Amino acid sequence: MKSRITTTLSLMPLIVALAACGPSREEREAAARAAAQAAVEREAAEQLAGYRQALADDNVELAAAYGELIQARYGHTQAARELGEDFAAIREQAEQHKRARYLQSLWTYQTAPMGGGQQRTASLYSEELHGRRLRLVLRDHSEWGRSTFLLPPVDLFVCTGTCRVQIRFDEGPTRPFEATKADSKENPGLFIEDMRGFVTGLMAADRVTIEVPTTDGSQVYGFEVGGYDPERFAAGQ
């Protein structure tokens, strides 16, 4: 027993010396922080690789999503620094793409039999006004030719013979267009006579406002037309 105690006591200086040679608490904490930062840097680098691949694939919306994640979660990493000032332009492009897709989704293209012939239509709804929306329709019928008209949810328009509607393309001047009301009770649409002039203005605009005579007086309806696709209209789908 005495020999064991003696041996242990003789080893104490060695144990103390070894402990003194190990890393301090501050050093261990610093090493842990460095390891954690290295892991974060690796994760950020993976996201940056995804960002660059999305750009190579010309997918700016996905690239913007990667970039925003890097900035939000890995803002103090090398990957965030490598995004650079160019990322602001990428994000702007992504917003433009998203807006374009939204505008395109507002339009509906169809082909259907009608009145003994075939018709192709492109249509979209106006913004809501007093609980109502008008439907703007561009039509190409095999027998009746091309026409443009507004369809209300109820018999709304007041137009005897020929009347005028006031149309504005974007921030341009308001222009008068002659219009006639269909005599159908089922579809009491209001036809814009100068389809060519109207479509020419529409194709160059993002927004069209149309002031129409109604049973509630003159009313102005707005249409977000920037997503119109003439090729889809021609194809009817």
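The values are calculated or read from the model by the stated rules, or taken from the named source; none is laboratory data. Everything quoted here is computed from the prediction, not taken from an experiment. Here the Cβ is made from the backbone with ideal geometry for all residues, glycine too, and neighbour counts use every protein chain on show.
Numerical summary
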{"quantity": "Some residue of segment 95-108 being touching a Ser or Thr at 6+ places or on another chain (Cβ under 7 Å), of a type outside the set (Lys, Arg) and either modelled with pLDDT under 95 or not in a loop (DSSP other than H, G, I, E, B) (or both)", "calculated": "yes"}
{"quantity": "Flag if Val165 is part of a loop (DSSP other than H, G, I, E, B) and β-branched (Val, Ile, Thr)", "calculated": "no"}
{"quantity": "Hey, Ala204 in contact with a Cys (Cβ under 6 Å, 6 or more places away or on another chain) and more than 14 Å from Leu138 (Cβ to Cβ) or not", "calculated": "no"}
{"quantity": "Tally of residues being assigned to a strand (DSSP E or B) and crowded, with 19+ Cβ neighbours inside 10 Å across segment 194-213", "calculated": "4"}
{"quantity": "Members of segment 134-162 that are surrounded by fewer than 16 Cβ atoms within 10 Å (Cβ to Cβ) and on the phi < 0 side of the Ramachandran plot", "calculated": "Ser142, Glu143, Trp144, Arg146, Pro153, Val154, Asp155, Val158, Thr160, Thr162"}
{"quantity": "Members of segment 52-61 that are under 19 Å from the mean Cα position of the chain (by Cα) and either touching a residue at least 60 places away in the same chain (Cβ under 8 Å) or surrounded by 13 or more Cβ atoms within 10 Å (Cβ to Cβ) (or both)", "calculated": "Ala54, Leu55, Asn59, Val60, Glu61"}
{"quantity": "Within segment 67-101, considering residues that are within 16 Å of the chain's Cα centre (by Cα) and polar (S, T, N, Q), the one surrounded by the most Cβ atoms within 10 Å (Cβ to Cβ)", "calculated": "Gln93"}
{"quantity": "Restricting segment 112-160 to residues that are without any contact (Cβ under 8 Å) to a residue 60 or more places away in the chain, part of a loop (DSSP other than H, G, I, E, B) and small (Gly, Ala, Ser), the residue that is nearest to Arg232 (Cα to Cα)", "calculated": "Ser142"}
{"quantity": "Output for segment 102-120, where each listed residue is polar (S, T, N, Q) and surrounded by fewer than 18 Cβ atoms within 10 Å (Cβ to Cβ)", "calculated": "Gln104, Ser105, Thr108, Gln110, Thr111, Gln118"}
{"quantity": "Condition met for Phe191 (within 20 Å of Gln118 (Cβ to Cβ), aromatic (Phe, Trp, Tyr) and surrounded by 14 or more Cβ atoms within 10 Å (Cβ to Cβ))", "calculated": "yes"}
{"quantity": "Number of positions in segment 168-181 that are among the small types (Gly, Ala, Ser) and either assigned to a loop (DSSP other than H, G, I, E, B) or within 30 Å of the chain's Cα centre (by Cα) (or both)", "calculated": "1"}
